[in-house]
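Enquirer: Take this structure first; my questions come after.
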DNA sequence: ATTCCACAGGAATGAACGGAAC
DNA sequence: GTTCCGTTCATTCCTGTGGAAT
């Protein structure tokens, strides 16, 4: 028998569940597509394109609708000789500044042999390159900025739509399509950016459980062989998706994970609710791990402090009371403890990741306002994720000991190898 | 109505670092 | 090498804030 063998297949086409899969029809987005299409019409007419701004929570079809319409647009535009359409697609996830957006855009526009470094240049130089490259195309440029809410300054959003007016461009026409998950992002934009970027706004509402179910059924019909899914599987995935903010991506990922788990099992031919539950657990763990791996050492120390305090039933706990524990851990790890202000930032960051939940308290003149933090995740999940990141046997063993003993944690947990 | 606690969180600033250009 | 430049993580200083106590 070879090292690899074909799995007992439950999938007909697993790719249909992947993020990059383009379904032939988008379910439940008719109105939005219609508006979107109208907004893009000027491109075909050879006019200066509208700037379009899409907003709505993650996984409600914004990106899918964009891909769908733009691929049609590209196809239809090719029938007219006088239209030279260029599409540039950029996901701004992980990019925090206009500068980074600009460098990535330049690289998108250039071929592989001519890429620039994403650091080192003065800002003005990068913009200069961007205008030059755009102008060289001399046609209609549609620039899609997905997840543009990740970028923390407006500069590029101000510059791009005005490039023509400022004589930075002569030949090229550009239209910006901004996609944002964050509702408040639009309101935080400076007025001048808002008026130009948000010429056309399209709101994508969350899917309800019914929509999600239709979407899942559509994908499952392509992805799985018939009668492989238990009847309860799709409704369950849809229900979880609807509960967590109507996110189709998440529901589909869950379905795929459940499918994968079922496939891994020998002689399993159906996907059941059990697989869905297990898949949910796995995905959750993945998210936690990802969040934790992005933290600073001090972030880890703060989390670890909170963890030990939690084991001692000290949570919920205010930042003031976390501090002594954190300080001693930091010293044990050979680091200078951070100043309280900064430590609070780390606590907030943990809260943002959903690892920790916060309740605001106010005892008025007696106690003032403060926040109380408590672990919001399954302890074992955090522990195993932390373990992967820390790669520190000492920490792990001592904690496991406490878990087993179920009694209070001493502060002498080994942290000597913390790095 | 006013006072006031104890923290939240914004803003300014700086050190360290990686990369480009000279 | 040195000089710029942008980014990240941190410190320092500061103003804002909600509600119990007066």
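A short reminder: the numbers here are calculations on the coordinates, not readings from a lab. This structure is a prediction, so every number in the text was calculated from the model and none was measured. Positions of Cβ are backbone-derived with ideal geometry, glycine not excepted, and every protein chain shown enters the neighbour counts.
Enquirer: To check you understand DSSP bridge types, tell me what percent of the beta bridges within chain A (both residues inside) are antiparallel, rounded to 5. Numbers along the way, then the final one.
Expert: On the way: 10 of 32 bridges.
So the antiparallel bridges in chain A amount to around 30 percent.
Enquirer: In addition: Once the piece of chain linking residue A:138 and residue A:82 is laid out straight, how much longer is it, given 0.36 nm per residue of separation minus the C-alpha distance between them?
Expert: Values: separation 56, 0.36 × 56 = 20.16 nm, distance 1.15 nm.
The span from residue A:138 to residue A:82 would gain 19.0 nm if fully extended.
Enquirer: How do A:334-340, A:135-141 rank on mean C-beta neighbours within 10 Å, highest first?
Expert: Taking the mean over residues of other Cβ atoms within 10 Å, the ranking is A:135-141, A:334-340.
Enquirer: Which whole-number percent gives the relative contact order of the range A:207-287, counting Cα pairs below 8 Å spaced six or more residues apart? Each step should come with its number before you reach the end.
Expert: On the way: 86 pairs, mean separation 26.4, N = 81.
That works out to 33 percent.
Enquirer: What is chain A by shape, rounded, prolate or oblate, if you read a ≥ b ≥ c off the alpha carbon gyration tensor as root eigenvalues and call it rounded for a/c under 1.5, prolate for a/b larger than b/c, and oblate otherwise? Don't skip to the end; give the middle numbers.
Expert: Working: a/c = 2.07, a/b = 1.35, b/c = 1.53.
Oblate.
Enquirer: Another question, if that's okay. Can you give me the distance in nm between label points at residue A:18 and residue A:243, each placed 7 Å from the Cα along the Cα-to-Cβ direction?
Expert: If labels sit at residue A:18 and residue A:243, their model points lie 3.0 nm apart.
Enquirer: Now a separate question. Which of rounded, prolate or oblate describes the range A:1-62 when judged by the alpha-carbon gyration tensor and an a/c cut-off of 1.5? Let's see the in-between values first.
Expert: Details: a/c = 3.56, a/b = 2.81, b/c = 1.27.
Prolate shape, in that a/c is at least 1.5 and a/b is the bigger ratio.
Enquirer: Determine the distance separating the Cα centre of the range A:297-313 from the Cα centre of the range A:229-266; give it in Å without decimals.
Expert: 32
Enquirer: Something else about it: Rounded to the nearest Å, what's the spacing between the alpha carbon centres of the range A:276-291 and the range A:140-187? Just the number, please.
Expert: Here the answer is 35 Å between Cα centres.
Enquirer: Could you tell me which of rounded, prolate or oblate describes the range A:207-287, using a ≥ b ≥ c as the square roots of the eigenvalues of the alpha-carbon gyration tensor, with rounded for a/c under 1.5 and, failing that, prolate when a/b is larger than b/c and oblate otherwise?
Expert: Numbers: a/c = 2.06, a/b = 1.25, b/c = 1.65.
Because a/c hits 1.5 or more and a/b fails to exceed b/c, the range A:207-287 counts as oblate.
Enquirer: Hey, with R₀ at 51 Å, roughly what FRET efficiency would residue A:67 and residue A:331 work out to, going by the Cβ-Cβ distance, to 0.05?
Expert: On the way: r = 52 Å, r/R0 = 1.02.
The calculated FRET efficiency here is 0.45.
Enquirer: Binning every alpha carbon pair distance of the range A:183-239 at 5 Å from zero, what are the percents per bin?
Expert: Cα pair-distance distribution for the range A:183-239, in percent: 4, 15, 18, 13, 7, 8, 9, 11, 8, 5, 2, 0.
Enquirer: Ranking request for peptides A:357-364, A:315-322, A:27-34: highest mean number of other beta-carbon atoms within 10 Å first, then the rest in descending order. Show your work: numbers first, answer last.
Expert: Details: A:357-364: 10.9, A:315-322: 17.1, A:27-34: 15.6.
In descending order of packing, they fall as A:315-322, A:27-34, A:357-364.
Enquirer: From Cα pairs below 8 angstrom and at least 6 apart in sequence, can you work out the relative contact order of the range A:30-203, rounded to a whole percent?
Expert: On the way: 280 pairs, mean separation 61.6, N = 174.
Computed over the range A:30-203, the figure is 35 percent.
Enquirer: Another one. Ranking A:211, A:20, A:154 by Cβ neighbours within 10 Å, fewest first, what do you get? Can you show the working numbers first?
Expert: Values: A:211 21, A:20 6, A:154 16.
Lowest to highest Cβ neighbour count: A:20, A:154, A:211.
Enquirer: Taking 0.36 nm per residue of sequence separation and subtracting the Cα-Cα distance, how much length would be gained by fully extending the chain between residue A:339 and residue A:321, in nm to one decimal?
Expert: Working: separation 18, 0.36 × 18 = 6.48 nm, distance 1.39 nm.
Difference between extended and current length: 5.1 nm.
Enquirer: Using only the alpha-carbon atoms, how far is helix A:379-390 inclined from the longest principal axis of chain A? Give it as 0 to 90 degrees, nearest 10.
Expert: Between the helix axis and the principal axis of chain A, the angle is about 80 degrees.
Enquirer: Here's another thing I want to ask about it. Before rounding to the nearest 500, sum -39500 (n - 2.57) across all DSSP H runs of length at least 4 in chain A and divide by the residue total; then give [θ] at 222 nm in deg cm²/dmol.
Expert: Details: 17 runs with 214 residues, N = 419.
Per the formula, -16000 deg cm²/dmol.
Enquirer: Another question about this same structure. How far, in degrees from 0 to 90, does helix A:123-137 lean away from the longest principal axis of the Cα atoms of chain A, to the nearest 10?
Expert: Once rounded, the angle reads 40 degrees.
Enquirer: Additional query: Taking 45 Å as R0, compute the FRET efficiency from the Cβ-Cβ separation of residue A:384 and residue A:110 and round it to 0.05. Display every interim value, and only then the final one.
Expert: Numbers: r = 43 Å, r/R0 = 0.95.
Efficiency for this residue pair is about 0.55.
Enquirer: A further question on this structure: For residue A:167 paired with residue A:361, estimate the spin-label separation in nm (one decimal), with each label point 7 Å from Cα along the Cα-to-Cβ line.
Expert: 6.4
Enquirer: Considering Cα pairs under 8 angstrom that are at least six residues apart, work out the relative contact order of chain A and quote it in whole percent.
Expert: Values: 611 pairs, mean separation 68.5, N = 419.
Here the relative contact order equals 16 percent.
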